[in-house]
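Below: the structure, in structure tokens.
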């Protein structure tokens, strides 16, 4: 049973948004809507034009018998910067400063709309990279990694600091915490990451970079390849960080412990 074109366009758009990076044959849509391929092609041209004008992504047409269309989510630099600037203002609110110079993020990282936007912004930075897995460390980095993995259509893996019997055999590394300079341990299940995988590291907050550096060591143990590193927020750090090549969405520029106030600005992600 055929449906009206307006309904077809809505359903087609929603399907593309829910299946990023998947190659979808034109025959799939033709059978789904009982429509001719020529009509489907016209509809996809409209969707493609709308995605481009709205800055919400790209719709690529793959020619040939085995071809189809692939939707790649994205966001314009202007929209991303505007959103990050609004987050910086929110993080500069009073009473967000915790002992040790950390910033309270849990309430923000529990909001679905914020996670969706952060995931889209981070994923858009790696559109030209092949990524097989998104890696983070338990626990606060997990929702960010999940959001990024959705927009990259890649699985995410969770590094843990303690053993879980449900993980099976693991690979572990020791690392030096960048802020406390203590020796810590982290581990990852052997089944979580295939050898040779191309990995993107994401995390919620970074001070000295020791935790991220530990994940880099794990990637090397799996004989995998590090594609990039992005953190939601980084703080000012006295001394030399354990890593230097990374991106941050937000930067804690100034901390006033007496008044318990902080100044947050956009991070270096717009400088890359």
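Bear in mind these aren't lab numbers, they're just calculated from the coordinates by the rules spelled out. Here the structure is a predicted model, which means the values were calculated and not measured. Ideal geometry is used to build each Cβ from the backbone, glycine not excepted, and the neighbour counts take in all protein chains shown.
Helix 77-91 sits at what angle to the longest principal axis of the chain, using alpha carbons and giving 0 to 90 degrees rounded to 10? Around 40 degrees separate the two axes.
Going from the residue with the fewest nearby Cβ atoms within 10 Å to the one with the most, 32, 247 rank 32, 247.
Taking 0.36 nm per residue of sequence separation and removing the Cα-Cα distance, the residue 32/residue 60 pair yields an extension gain of 8.1 nm. Apply 1/(1 + (r/R0)^6) to the Cβ-Cβ distance of residue 5 and residue 191, taking R0 = 45 Å, and write down the FRET efficiency to the nearest 0.05. Using R0 = 45 Å, I get an efficiency of 0.45. Computed over the chain, the quotient of the alpha carbon radius of gyration and 2.2 N^0.38 Å is 1.15. Ellipticity at 222 nm from helices only: DSSP H runs of n ≥ 4 in the chain, each -39500 (n - 2.57), divided by the residue count, give -10500 deg cm²/dmol.
How high is the FRET efficiency from residue 17 to residue 162, r the C-beta distance, R0 45 Å, rounded to 0.05? Here the calculated transfer efficiency is 0.75. Suppose each label sits 7 Å from its Cα in the direction of the beta carbon; what would the residue 146-residue 127 distance come out to in nanometres? Here the answer is 2.7 nm between the modelled labels.
Under the definition of Cα pairs under 8 Å and six or more residues apart, what whole-number percent is the relative contact order of the range 1-116?
The normalised contact order for the range 1-116 reaches 21 percent.
Under the criterion of Cα pairs below 8 Å and six or more residues apart, the relative contact order for the range 31-81 equals 24 percent. Shape index of the range 96-206: Rg/Rh, with Rg the Cα radius of gyration and Rh the Kirkwood radius from the inverse mean 1/r over Cα pairs, equals 0.98. Here r is the Cβ-Cβ distance between residue 223 and residue 182 and R0 is 35 Å; the resulting FRET efficiency, rounded to 0.05, is 0.80.
What is the log10 of I(q)/I(0) for the range 5-73, computed with the Debye formula using one identical point scatterer on each Cα and no solvent, at q = 0.12 Å⁻¹? Ignoring solvent entirely, the Cα scatterers give -0.26. Placing a pseudo-label 7 Å from each Cα along the Cα-to-Cβ vector at residue 245 and residue 49 gives an inter-label distance of 4.3 nm. Of the Cα atoms belonging to the range 1-148, the radius of gyration and Dmax stand at 19.3, 63 Å.
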